[in-house]
Structure formats: structure tokens, C-alpha cells
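Scroll down for the structure; my scribbles are underneath it.
The values are calculated or read from the model by the stated rules, or taken from the named source; none is laboratory data. Every value quoted in this text rests on a predicted model; they were computed, and no experiment measured them. Quick reminder, even Gly has a Cβ in these numbers, built from the backbone with ideal geometry, and neighbours come from all protein chains shown.
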Amino acid sequence: MLTKYVFWLKISLKGPFYAVTELVEVQGPQLLNMSETSLDTKKKLLESAKKEFLEKGFMGASLRTIAANAGVTTGAMYRHFKDKDAFFCALVDETIETTTKVIMLADSTHHAGVEGPHMQEHLKLEEKSVKEFIDYMFDHFDIYTLLLTKAAGSTHEHFQEEICELYTKNCEETFTWMYKSKIAKKKVQPMTVHFMASTIINAYCDIILHNMSKKDAAAYIKDIMEFTRAGSMYLMGMKNGV
């Protein structure tokens, strides 16, 4: 079995210059402990950053406070995160990726079986997806709070608008496909699609913005989905989902 070796340079200040004063060998358990310590430090920093962002927002958050509350030096902090935006992105990027995947379920490739007798099966799958996403939102309530109320000044300050734009684009594509495939009898105007799509996205955002309970959120989204579904079917000239 091979043993892994890593060499660290000890550097000291010599007058106005930095100089290498010692080459230190690190191996085996030492290397593993250093890795675990690094991960633990990163976790503490992210927990501290989330608390700071939730309290003060992106613009008001202090890197010094984040480091101090995590119990690490600013130097150690900068080895993990170069600036506030790096912290914010590390906290929210995974949730944005998951949200985007859910939004993509509105594209035409996920509606291939909506015609005729398959409509009810499609609606059941849609209801299941909605429930799972609401569960996900409540499991990540703090992260959505960051994105929707604390992101001004960060890379993701336009999260709601960007998600709405993507959802609208997918809905427009699906409505057009349904019309060309003769599933829908009438074509729906782009601005009407935008209205319905933004109504749905804003409804999900309302869950966070109004700090709704999961029970109330589920009932609210159910109402909004039924309202927009009935409206879209009517506008497309479809009756009772067929």
C-alpha cells in the first residue's frame, strides 16, 4: 500500500520579502486530519455566512463578522471563499440548480403524453411533482429566503425574474407544440402565457415571502394550479382535459 506524501512550505517574512524557511513533510493520518479540519472550517464558515446574510442581507453582511462568528481568522476564511459573493453562491447554487430542474418539467418533452386518455395520468404526475417541490422548499426555507429577500447586490439578485423568464419560455414552447400537434385547438398569445406562468412562479414565491405554513402553502398552490390549468385549457379550446 502506497503512503501519500505532501510537502508544505513554511514561509516567513524576511524584511520586505517572504522566504521559504522550512520544507515540512505531511503524510498518512496527518493529511487526513488536515482535510477533515478544512471541511469543518468550511462548514462553520457557511453556517456563519447564512446567519449573517439572513440577518443583514447580502449588502449589509460583513466578512469579518462571518469569520469571527465561525471562530476562524480572516486568512483562513479567504482560503475557502474569496469574497461575499462566493459565500452567497456556495449557499444557494444547489437550490437554484434543483429549482431549475423543476422548472424544466414545463417544457414540451415532458408533455408528450398529455393527449386524450393519458391526460389524467399526466395530471397525477404533476400533482406528485408539486407536492415534492413544496416539501423541498420547506426543507430549504432559509435558502429561498436568501434568494428572494436577501440577494440584492449578489450574482443572484434577479433569481425570481430569471426563474419566471425560464418558466414562461418553457410554457410558451409547450403551448406552441400542443397547438401544432393539434392537441390544442386554439393558439394562446405569448403575453397571456406570460401572465399564467408568472402567476404560478409568484405563487411559489409567496410561500416564502408570506412565511406560510406547509398546509396553507399546499392548499394555495393547489388553488393556483387548478385556476391556471382550467384557464389554459379553456384558452386552448380543450374541454375536460381532452
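Condition test on residue 172, is it acidic (Asp, Glu), touching a His at 6+ places or on another chain (Cβ under 9 Å) and at pLDDT 95 or above? Lay out the reasoning, then the answer.
Values: acidic (Asp, Glu): yes; touching a His at 6+ places or on another chain (Cβ under 9 Å): yes; at pLDDT 95 or above: no.
In short, no.
Quick check: anything in segment 84-92 surrounded by 16 or more Cβ atoms within 10 Å (Cβ to Cβ), under 21 Å from the mean Cα position of the chain (by Cα) and within 27 Å of residue 130 (Cβ to Cβ)?
Yes, segment 84-92 has at least one match.
Take residue 161 and tell me if it is part of a helix (DSSP H, G or I), farther than 17 Å from residue 217 by Cβ and without any contact (Cβ under 8 Å) to a residue 60 or more places away in the chain.
yes
Does any residue of segment 203-216 turn out to be farther than 19 Å from residue 109 by Cα, assigned to a helix (DSSP H, G or I) and without any contact (Cβ under 8 Å) to a residue 12 or more places away in the chain? Explain how you work it out, then say what you get.
First, pick out the residues of segment 203-216 that are farther than 19 Å from residue 109 by Cα: 203-216.
Then drop every residue that is not assigned to a helix (DSSP H, G or I), which leaves 203-209, 214-216.
Remaining after also requiring without any contact (Cβ under 8 Å) to a residue 12 or more places away in the chain: 215-216.
Checked segment 203-216: at least one residue is farther than 19 Å from residue 109 by Cα, assigned to a helix (DSSP H, G or I) and without any contact (Cβ under 8 Å) to a residue 12 or more places away in the chain.
Could you please let me know if residue 150 is surrounded by fewer than 18 Cβ atoms within 10 Å (Cβ to Cβ), assigned by TED's automatic domain parsing to the domain that holds residue 109 and either farther than 30 Å from residue 92 by Cα or not hydrophobic (A, V, I, L, M, F, W, C) (or both)?
On the way: surrounded by fewer than 18 Cβ atoms within 10 Å (Cβ to Cβ): no; assigned by TED's automatic domain parsing to the domain that holds residue 109: yes; either farther than 30 Å from residue 92 by Cα or not hydrophobic (A, V, I, L, M, F, W, C) (or both): yes.
So residue 150 does not fit the description; no.
What helices (runs of 4 or more DSSP H), lying completely within segment 49-152, carry at least 1 residues that are at pLDDT 95 or above, under 20 Å from residue 202 (Cβ atoms) and of a type outside the set (Asp, Glu)? Before you say what the answer is, go through the steps one by one.
Numbers: elements: 63-70, 74-80, 84-103, 119-139, 141-149.
Fully inside segment 49-152 and qualifying: 84-103, 119-139, 141-149.
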